[in-house]
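*Asks:* Take this structure first; my questions come after.
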């Protein structure tokens, strides 16, 4: 089963680290990224580069920045393929943000049947 591993950081957490501690924490992401269960993922650009889009009454509305009412900011994600939720939770617990004041959300991905399997079934 595939899960999205959504990483939320406390703003300023990584910037507050001493350079050697920052490098040590960043080095933890290498083995996580290289784990064979990882199917994709990315680190996001800083929050000031975000634009939020809404459509209200047919009118496009944009807001600079991530317009969410939360203390953590979405910083990156992985898509993993594991047997069950327990394995997904164990994977998420390895992510440094989970222990550094942030949060890691684990959410199952909706598996879409391909056109071929739809015609067969």
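The values are calculated or read from the model by the stated rules, or taken from the named source; none is laboratory data. All values reported here derive from a predicted model rather than from experimental measurement. Cβ atoms come from the backbone with ideal geometry, glycine included; neighbour counts cover every protein chain shown.
*Asks:* Identify the residue in region 1-35 that is assigned to a strand (DSSP E or B) and in contact with a helix residue (DSSP H, G or I) (Cβ under 8 Å, 6 or more places away or on another chain) and, among all such residues, is surrounded by the fewest Cβ atoms within 10 Å (Cβ to Cβ).
*Replies:* Residue satisfying both the conditions and the ranking: 8.
*Asks:* Sticking with this one: Kindly establish whether residue 12 is at positive phi and modelled with pLDDT of 90 or more.
*Replies:* no
*Asks:* For region 66-94, how many residues meet the condition of being modelled with pLDDT under 90 and out of contact with any strand residue (DSSP E or B) (no Cβ under 7 Å at 6 or more places or on another chain)?
*Replies:* 4
*Asks:* For residues in region 36-50 being free of Cβ contacts under 8 Å to residues at least 40 places away in the same chain and assigned to a strand (DSSP E or B), which is nearest to residue 81 (Cα to Cα)?
*Replies:* For region 36-50, the residue satisfying everything is 40.
*Asks:* Kindly provide the set of residues from region 95-110 that are under 19 Å from residue 10 (Cβ atoms), in contact with a strand residue (DSSP E or B) (Cβ under 6 Å, 6 or more places away or on another chain) and assigned to a loop (DSSP other than H, G, I, E, B), ordered by number.
*Replies:* 95, 102
*Asks:* Within region 51-77, can you find the residues that are surrounded by 11 or more Cβ atoms within 10 Å (Cβ to Cβ), assigned to a loop (DSSP other than H, G, I, E, B) and without any contact (Cβ under 8 Å) to a residue 40 or more places away in the chain?
*Replies:* If the condition is that a residue be surrounded by 11 or more Cβ atoms within 10 Å (Cβ to Cβ), assigned to a loop (DSSP other than H, G, I, E, B) and without any contact (Cβ under 8 Å) to a residue 40 or more places away in the chain, then 65, 66, 67, 68 are the ones that fit.
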